[in-house]
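Read through the structure below, which is laid out as structure tokens, and then see the notes.
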Amino acid sequence: MTTEQQNKNKTLIRERSAKRRSLYKSVDRTMQFIFRLCGLIAALMIILIVFFVAARGIQVFLPGYENPVSLGEFLTGMRWRSDQGVYGVLFIVINTIITAFFAGLIAFPLSVLSALMIVKIAPKRLSNALTTVVELLAAIPSVVYGVFASGAITDIVEKMAGWFNYTTFGGNSMLAVILLLAIMIYPTITSMAVVAIRAVPESHELGSLALGASRTQTNFKVVLSSAKSGIFAGLILGLGRAFGEATAVSMVAGNAFVGPTWNPFDLTRTLTTTMLSGLHETVGVDYDVRFSVGIVLMIIILITNLAINALRKKMESGD
Amino acid sequence: MNRIRIIKDRIAEGLTWLSSGISALVLIAIFVFIFKRGWSTLNWDLLKNNYNSENLMAGYDHIDWDEHGAFAAPDTLPENAFFSEKYGVAFVDSVSAAKESQMEVVFLDPESPLQDGKITTAGPRQGDKLGLEEGLYLKKISYINLEGDKKSAGLTATQGKTSEELVSVLDNDSQEVVDFYAQTEGGGLKGSIITTLLLIGLTLIIALPIGVFAAIYLHELAPKNKLTAWIRSSIELLSGVPSVIFGLMGMTMLFQVTRLMGITGQSTMLGALTLAVILLPVIIRQTEEALINVPDGYRMASLSMGATQFQTIYKIIIPNAMPGILSATLLSISRIIGESAALIFTMGTAIMDNPAWNTRGTSLAVHIWTVMSGEQPNFELASAISIVILIIVLILNVSVKYLTYRMTRDKDDQKKKNTKVKVKATTET
């Protein structure tokens, strides 16, 4: 083989490998672009959701709409009669907040105490069993909770109403909604609280014990206050779930026409049940106004998040 | 420690026991309730039957009734069955899953004239053979009575509403049977089960690539800057959005996408697209968790051998993160099976027997919603479907737990090995 040929072969090989390298590079670049695109799509979704729901929800208040709803009446109304074309959302907002608040009031202490039990008090096996209980409760779909609520919780509520000489509509009532929501948000808050309590540094505990505090005192005073931030994050998530829970609540709320509901044995109506009730057609005011209710729901969740965050900051700076 | 302190501590500790006890009790109560209510309704027929029963009508104009003599009841007949000696047929009264009383044909003699019916109603199938069969539910039967008048008996007629009455009317009052009206067994879940499977398939095809790729971008490629932080917090926000809102979003935004595919209304495809958005945060979080567990050494080794970044991701990182991606898939399936609110908006609540990707349909969860939100809530059926859903969801969650356990165990093992090697190295020097 002459040197000329050898050189020729060498350049050929070099060219080929250069070609292959540039191919790899272009594949690399394309795939990187696709990966980035997927990340951006995922991130853009939230903006698109807010934009599209808001656009359709605002539409019913605009003058160009077929039967426009007055924004003022919508926001201050205390009656919701879709059959008469009356849409007032204020009492629904109040109902939603009341039910979520009381559900939180019931579930929050139970959750925090159970989380403390799981992490600090229970022996290893019991702790594992309780963790499984919480995970199972979190895994049960909401529609199954709905079946349970409209079969079992309503019975209990009806009996309770009997003690006070009230009659309920088959147990469908605000109290049933509150109990149901309390059960549903319990696993959410508990699992967040468990994570928060696990993250408390051991030195805090040891310090407290060394100063002569009892084990229980340490758990309640030192561990819980150190884990405060995470526990409140759990509360936010829990309340968010309470506000947004739809199918299960719809099965026991009963959809009152007027409100707000103050008697726990009366029917109630929350934002989500309003969105789901009587869903037949997919056009017209009755349908489009559900999007307006959706906007209200998103705003309430946002405000709750901000409020609890502010509360948490205040408590933290107070220490 | 004084006594008051001890008592206070005991009370506080007792409260933690109490609250955990309550949660366990609630879980048990839910399971007991659902199983007690639904277990008797749940059987294979329920799972494989159509929801809408098929109507069958046929006449017996062509039959020579004098040819047939009396029939003898077989020994295998159930105790509550009533046998017509004249026609060789036996009925049993029962209650359907939809709580309606029904009359099942449990036995038909092979010689019975009733199996030689022909379709008499006008239409393309007129004249085809269609007879009474075992397993059908009789609604009405018309006959010529002893006086020669045409009469009818059965559930939808004025007489013969129970098997006993019907058999006595047929045996004692009739000369010949004119026609019958029967139905196949309905109230089944076949359509909803197919829709659910279809929904799982479509959703995963859409959501898994986007979710896994997004996780890879965030963990492997993304620079640590404001944009990445923004992407992360947006995805975090997405997981806090209630599913009703996703349903609304599906109806405005993704509806436009399915319209491009030529679908005009609610459809399984629309439900799948909506679910894909709901699942993105779940898949991204689980996959990232798995990517974190892939040791950095693998990446460096691959890159230092001259592999490109994509080759490293495709050949090294994804195979090693597979258990995490699998557990993301299982979690997603369990979410899809349980989801209802978003699907009520995007797929409708009409139960279909022959669902397709571009028609409406109900998943099992929405099937529960449909039977519960009617005038007469049907607890038994709802609980039976709930049992099916609960069992699937529990199996999926246990598998996820096992996968995560294995993933973390592998990592722990590696750590132990590494420390052992180090210890060895130090002792040798």
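The values are calculated or read from the model by the stated rules, or taken from the named source; none is laboratory data. No experiment lies behind these values; they were computed from the predicted model shown. Neighbour counts run over all protein chains shown; Cβ positions are idealised from the backbone, glycine included. Each accessible area value is taken on the protein alone, full model and side chains, heavy atoms only, with ligands, DNA and RNA left out. Shrake-Rupley method; radii C 1.70, N 1.55, O 1.52, S 1.80 Å.
So the values come out like this:
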read-out: Residue in the stretch B:121-143 that is farthest from B:Val95 (Cα to Cα), counting only those that are among the aliphatic types (A, V, I, L, M) and surrounded by 12 or more Cβ atoms within 10 Å (Cβ to Cβ); value: B:Leu130
read-out: The stretch A:272-305, residues that are β-branched (Val, Ile, Thr), open to solvent by 10 Å² or more (accessible area, probe 1.4 Å) and facing chain B (nearest Cβ under 9 Å); value: A:Thr282, A:Ile301
read-out: Some residue of the stretch B:338-351 being in contact with a helix residue (DSSP H, G or I) (Cβ under 6 Å, 6 or more places away or on another chain), part of a loop (DSSP other than H, G, I, E, B), at pLDDT 90 or above and small (Gly, Ala, Ser); value: yes
read-out: Conditions (1) open to solvent by less than 30 Å² (accessible area, probe 1.4 Å); (2) part of a helix (DSSP H, G or I): number failed by B:Thr41; value: (2)
read-out: So A:Leu37, is it among the hydrophobic types (A, V, I, L, M, F, W, C) and in a helix (DSSP H, G or I); value: yes
read-out: Given (1) modelled with pLDDT under 90; (2) open to solvent by 30 Å² or more (accessible area, probe 1.4 Å); (3) small (Gly, Ala, Ser), number of the condition B:Gly265 does not satisfy; value: (2)
read-out: Residues satisfying the stated conditions in the stretch B:230-254, i.e. open to solvent by 30 Å² or more (accessible area, probe 1.4 Å) and of a type outside the set (Ser, Thr, Tyr); value: B:Trp230, B:Arg232, B:Glu236, B:Leu237, B:Gly240
read-out: Qualifying residue in the stretch A:207-217 (condition: crowded, with 19+ Cβ neighbours inside 10 Å and away from chain B (no Cβ under 14 Å)); value: no
read-out: Conditions (1) in contact with a Lys or Arg (Cβ under 9 Å, 6 or more places away or on another chain); (2) under 30 Å from A:Asn219 (Cα atoms): number failed by A:Thr96; value: (2)
read-out: Residue list for the stretch B:63-116, filter: open to solvent by 30 Å² or more (accessible area, probe 1.4 Å), hydrophobic (A, V, I, L, M, F, W, C) and without any contact (Cβ under 8 Å) to a residue 40 or more places away in the chain; value: B:Ala70, B:Ala72, B:Ala73, B:Leu77, B:Val95, B:Val106, B:Phe107
read-out: Positions within the stretch A:130-155 being within 7 Å of chain B (Cβ to nearest Cβ) and polar (S, T, N, Q), in sequence order; value: A:Ser142, A:Ser150
read-out: The stretch A:257-283: number of residues that are over 26 Å from B:Leu238 (Cα atoms) and in contact (Cβ under 8 Å) with a residue 24 or more places away in the chain; value: 12
read-out: Residue in the stretch B:342-361 that is surrounded by the fewest Cβ atoms within 10 Å (Cβ to Cβ), counting only those that are under 15 Å from the mean Cα position of the chain (by Cα) and closer than 17 Å to A:Ser277 by Cα; value: B:Ala350
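One line per residue, one yes/no per condition, for (1) touching a Leu at 6+ places or on another chain (Cβ under 9 Å); (2) in contact (Cβ under 8 Å) with a residue 24 or more places away in the chain; (3) under 30 Å from B:Pro281 (Cβ atoms):
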site: A:Val53; (1), (2), (3): yes, yes, yes
site: A:Arg56; (1), (2), (3): yes, yes, yes
site: A:Pro63; (1), (2), (3): no, no, no
site: A:Pro68; (1), (2), (3): yes, no, no
site: A:Leu75; (1), (2), (3): yes, no, no
site: A:Ile98; (1), (2), (3): no, yes, yes
site: A:Ala103; (1), (2), (3): yes, yes, yes
site: A:Ile118; (1), (2), (3): yes, yes, yes
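The rows are residues; the columns are (1) modelled with pLDDT under 90; (2) in contact with a helix residue (DSSP H, G or I) (Cβ under 9 Å, 6 or more places away or on another chain); (3) open to solvent by 10 Å² or more (accessible area, probe 1.4 Å).
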| residue | (1), (2), (3) |
| --- | --- |
| A:Pro187 | no, yes, no |
| A:Lys221 | yes, yes, yes |
| A:Leu239 | no, yes, yes |
| A:Trp262 | yes, yes, yes |
